[in-house]
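Colleague: After the structure tokens below, expect a handful of questions from me.
The values are calculated or read from the model by the stated rules, or taken from the named source; none is laboratory data. On a predicted model such as this, the values are computed, not experimentally measured, just so you know. Cβ placement follows ideal geometry from the backbone for every residue including glycine, while neighbour counts extend to all protein chains displayed.
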Amino acid sequence: MKSESEPIRDLISRIPLFESLPDDKLSALAKAASIKDYAAREVIVHMGDVWPYLFVVLEGEIGAIKESAKGRALTATTLNEGDLFWGLAFFIEDLPMPVMFQAQTETSICVWTRDVLVPIIKSEGNMSWLLCQMMISRMQLASEIVEELAFQPVMNRLSGLLLDMFGDGEDEYMGRDLTLDDMASRIGTTREMVCRHLYRLAEWGAIDVSRTKLRIENRGLLEKKAGRA
């Protein structure tokens, strides 16, 4: 008969950071894991909190959101199923969170404390190397986000977001799951600017937009506005 930790062991064994661990350490890691469930829009951890954990997204979507003193919000990155991330206090004791983690949909994560995981990381050279590579990838992503915000106009960023939302779809309506505030947060602007530019794209014939649905009408034009043509 399988133990309660066996399904967790099977899941984490497929995570690149953990897949090279020997069986005994993988089993110990599974037993030490905590599964946390969150409703859509529920805050996982607030900006400024000390949060010494590392986690893997089992299902759902998490936004890493930076908030300003004036109430503006920027979604620095989005984490999806299989993604792994951490609080800064996992590496440096008492270091506060620079962002808020918020579940964007119903979400489940697998969590470990630094006290459990750090000794295993230190004992496994390959695991330490993989974690370093992951951190470098996150630094590259942060650099790309800063570059985009600094040098791309709002129209480019909004057009790119719409293309990412639709993927390869065209001529089909998609429900507006993201609110104006959500879209503004993801491209670093205000809801008023998002609204203005959505209707400008509609006037140009790039999209068809209503209160509840969106459709790409001219992908080539939208790609041009996003700088991807």
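Colleague: Select from the stretch 189-211 the residues that are hydroxyl-bearing (Ser, Thr, Tyr) and within 24 Å of the chain's Cα centre (by Cα) and write down the one among them that is farthest from residue 155 (Cα to Cα).
Modeller: Ranking the candidates gives 190 first.
Colleague: Does residue 27 satisfy being more than 30 Å from residue 177 (Cα to Cα), of a type in the set (Gly, Ala, Ser), at pLDDT below 85 and assigned by TED's automatic domain parsing to the domain that holds residue 116?
Modeller: Here the answer is no, as residue 27 does not meet what is asked.
Colleague: Can you pull out the residues in the stretch 1-26 that are under 26 Å from residue 97 (Cα atoms) and part of a helix (DSSP H, G or I)?
Modeller: Filtering the stretch 1-26 for residues under 26 Å from residue 97 (Cα atoms) gives 12, 15-18.
Listed by number, the list holds a single entry, 12.
Colleague: With respect to residue 29, is the statement that it is assigned to a helix (DSSP H, G or I) and not hydroxyl-bearing (Ser, Thr, Tyr) true? Don't jump to the end; show me each part of the working.
Modeller: Values: assigned to a helix (DSSP H, G or I): yes; not hydroxyl-bearing (Ser, Thr, Tyr): yes.
Yes; evaluated as a whole, the condition is true for this residue.
Colleague: Would you pick out the residues in the stretch 38-53 that are among the charged types (D, E, K, R) and more than 15 Å from residue 73 (Cα to Cα)?
Modeller: 42, 49
Colleague: While we're here: Have a look at 158, 178 and point out the one that is surrounded by 14 or more Cβ atoms within 10 Å (Cβ to Cβ), hydrophobic (A, V, I, L, M, F, W, C) and assigned to a loop (DSSP other than H, G, I, E, B).
Modeller: Values: 158 fails: assigned to a loop (DSSP other than H, G, I, E, B).
The unique qualifying residue is 178.
Colleague: Moving to a separate point now. Pairs under 9 Å by beta carbon, first residue surrounded by fewer than 13 Cβ atoms within 10 Å (Cβ to Cβ) in the stretch 70-97, partner in a loop (DSSP other than H, G, I, E, B), six or more apart or different chains?
Modeller: Between residues of the stretch 70-97 that are surrounded by fewer than 13 Cβ atoms within 10 Å (Cβ to Cβ) and residues that are in a loop (DSSP other than H, G, I, E, B), the close pairs are 81/60; 93/52; 94/52.
Colleague: Does residue 184 satisfy the criteria of being touching a Ser or Thr at 6+ places or on another chain (Cβ under 7 Å), buried (at least 17 other Cβ atoms within 10 Å of the Cβ) and of a type outside the set (Lys, Arg)?
Modeller: Here the answer is yes, as residue 184 does meet what is asked.
Colleague: Check off (1) touching a helix residue (DSSP H, G or I) at 6+ places or on another chain (Cβ under 6 Å); (2) surrounded by 15 or more Cβ atoms within 10 Å (Cβ to Cβ); (3) among the hydrophobic types (A, V, I, L, M, F, W, C); (4) touching a residue at least 40 places away in the same chain (Cβ under 8 Å) for residue 100 and give me the number that stays unchecked.
Modeller: (1)
Colleague: Output the residue which, of all residues in the stretch 31-69 that are within 13 Å of the chain's Cα centre (by Cα) and of a type outside the set (A, V, I, L, M, F, W, C), is surrounded by the fewest Cβ atoms within 10 Å (Cβ to Cβ).
Modeller: Of everything passing the filter in the stretch 31-69, 59 is surrounded by the fewest Cβ atoms within 10 Å (Cβ to Cβ).
Colleague: Within the stretch 133-150, identify whether any single residue is over 21 Å from residue 66 (Cα atoms) and free of Cβ contacts under 8 Å to residues at least 60 places away in the same chain, and answer yes or no.
Modeller: Taking every residue of the stretch 133-150 in turn, at least one turns out to be over 21 Å from residue 66 (Cα atoms) and free of Cβ contacts under 8 Å to residues at least 60 places away in the same chain.
Colleague: Okay, moving on. What are the pairs with Cβ atoms under 7 angstrom where one residue, in the stretch 174-189, is closer than 15 Å to residue 209 by Cβ and the other, located anywhere, is assigned to a loop (DSSP other than H, G, I, E, B)? Sequence gap at least six, or different chains.
Modeller: 175/212; 176/212
Colleague: Let me spell it out: the conditions are (1) assigned to a helix (DSSP H, G or I); (2) loosely packed, with under 14 Cβ neighbours inside 10 Å; (3) of a type outside the set (Lys, Arg); (4) out of contact with any helix residue (DSSP H, G or I) (no Cβ under 8 Å at 6 or more places or on another chain), and residue 202 meets all of them except one. Which number is the exception?
Modeller: (2)
Colleague: Let me ask something else about it. Given the structure, is residue 27 more than 22 Å from the chain's Cα centre (by Cα), of a type in the set (Ser, Thr, Tyr) and surrounded by 13 or more Cβ atoms within 10 Å (Cβ to Cβ)?
Modeller: Answer is yes for this residue.
Colleague: Could you tell me whether the stretch 90-108 includes any residue that is of a type in the set (A, V, I, L, M, F, W, C) and assigned to a helix (DSSP H, G or I)?
Modeller: Yes; the residues of the stretch 90-108 include at least one that is of a type in the set (A, V, I, L, M, F, W, C) and assigned to a helix (DSSP H, G or I).
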